[in-house]
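See structure below.
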Amino acid sequence: MLVPASGSLPPADAALQNCGSVDVKDTGEVYNPDPSDFKVRGSMAEVTLAPVDVCNAGHSWSRASVMLFADTSSDFAFIGTIKDWSIGSWSYEWEYLAGPGLIRHVWGSPAVGQTTRFVVERKSSDGKIHMYLHGNPAPCNPSGDCAVTPYDPLDAWGGIQSRWVAETNYPQNDIFGIGSDKGDFDFVKSKNPEDSWSAHAPTSTSHGAVCYYNINVLTNDHFKVWTHPLDHNC
């Protein structure tokens, strides 16, 4: 469902609300041409940050991510941006699952209006998933974990899909984008087994199961997301 914005709107009021219970929601695109297969080897997008508000809990967050996701399990690897209430500003973030453990790094302070190219891809040179921003390897975390999975998803996963999502962990939070200043995913592409990148019509889009998280697919490689109405009452 595509819901148009209604022009200039006041600042989001999510931070004034009780967060309630954790309930992860997302809005975005999925490209999965053949479930339980490995025709996808990477995801890419340029993400332009837009305003967002989050409710006031310790780790209340709203994020925008470029992902590889396992078809037959909940395994994933992604890179993107996150606004965590406990930090107060946007940060960069990468994350992946390795066995039962979650490996993660949060750093930097990108500004609203800034555009960053994110890439998460399986490299044929070593079979691992690598994560990049602006063409450079994302930095390692303070524990020495780097933005490279210790496994080959062709062995560890039951299939691979691309995802590009705006996601929150409380439904009281906004996804990024307010009024005419929408969250932007451009140059949305997937990598195939021959290591070439192409734009594709999404095989599905998510509307987040809530009416105020909106998506507008402009072309095969460009879509926008935003929160409207800001009081989440629709």
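Since every read-out is calculated from the coordinates, none of them should be taken as a lab result. Source: prediction; values computed, not measured. Positions of Cβ are generated from backbone atoms using ideal geometry, with glycine treated the same way; all protein chains shown enter the neighbour counts.
Quick notes on this structure:
- Segment 113-159: number of residues that are in contact (Cβ under 8 Å) with a residue 60 or more places away in the chain and either assigned to a loop (DSSP other than H, G, I, E, B) or within 25 Å of residue 187 (Cβ to Cβ) (or both): 18
- Restricting attention to segment 215-234, the residues that are in contact (Cβ under 8 Å) with a residue 40 or more places away in the chain and within 12 Å of residue 29 (Cα to Cα) add up to 6.
- A count restricted to segment 52-70 and to residues that are buried (at least 20 other Cβ atoms within 10 Å of the Cβ) and under 28 Å from residue 189 (Cβ atoms) stands at 10.
- Which listed residue is free of Cβ contacts under 8 Å to residues at least 60 places away in the same chain and exposed (fewer than 13 other Cβ atoms within 10 Å of the Cβ), from 73, 109: 109
- Failed condition for residue 166, given (1) farther than 21 Å from residue 50 by Cβ; (2) crowded, with 16+ Cβ neighbours inside 10 Å; (3) among the aliphatic types (A, V, I, L, M); (4) in contact (Cβ under 8 Å) with a residue 40 or more places away in the chain: (1)
- Residue match in segment 30-45 (condition: over 30 Å from residue 154 (Cβ atoms), touching a residue at least 40 places away in the same chain (Cβ under 8 Å) and of a type in the set (Val, Ile, Thr)): no
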